[in-house]
Amino acid sequence: MAETITNESFQYLLDDLMKGGPVVGEKKFDIEDFFQLQDPDGQTHTYSHIDILKRADDTYWMPLDEDRHTLTNITNYQIYVNKTNNWASIADWFSTEDI
């Protein structure tokens, strides 16, 4: 089961996220071609908007649902990089400018 943090508002959610370590980076995109994330079980999920937060402990978090009341630890997910036509770890992708 994925590690999650839930709260009634996105601001409180971010406050809760920072209890585990400060947020040291964020990548936020809206694109027409969609992002594909693959969870550790191999299931692929498609998003047109992503907002990935990097915590100082090198974990990566994202609201997977539109209500933005839950952040999910996506550190072990992969993201499909359209530029290279390959899957990459979230950590590797986060350090690039590729979409």
**OP:** Would you point out the residue of the range 63-99, among those that are under 10 Å from the mean Cα position of the chain (by Cα) and at pLDDT below 95, that is surrounded by the fewest Cβ atoms within 10 Å (Cβ to Cβ)?
**Re:** PHE94
Original post:
Tell me, which strands (runs of 3 or more DSSP E) wholly within the range 39-99 include 3 or more residues that are out of contact with any Ser or Thr (no Cβ under 6 Å at 6 or more places or on another chain) and under 21 Å from THR6 (Cα atoms)?
Top reply: 44-55
Subject >> Boolean, ASP15 is out of contact with any Lys or Arg (no Cβ under 6 Å at 6 or more places or on another chain) and not β-branched (Val, Ile, Thr) >> reply: yes
Original post:
What residue, of ASP33, ASP15, ASP58, is surrounded by fewer than 13 Cβ atoms within 10 Å (Cβ to Cβ), on the phi > 0 side of the Ramachandran plot and of a type outside the set (Ser, Thr, Tyr)?
Top reply: ASP58
Subject >> Residue count, the range 73-97 (criterion: among the hydrophobic types (A, V, I, L, M, F, W, C) and touching a helix residue (DSSP H, G or I) at 6+ places or on another chain (Cβ under 8 Å)) >> reply: 3
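The values are calculated or read from the model by the stated rules, or taken from the named source; none is laboratory data. Because the structure is a prediction, the values reported are computed rather than measured. In this analysis, Cβ positions are derived from the backbone assuming ideal geometry, glycine residues included, and neighbour counts consider all displayed protein chains.
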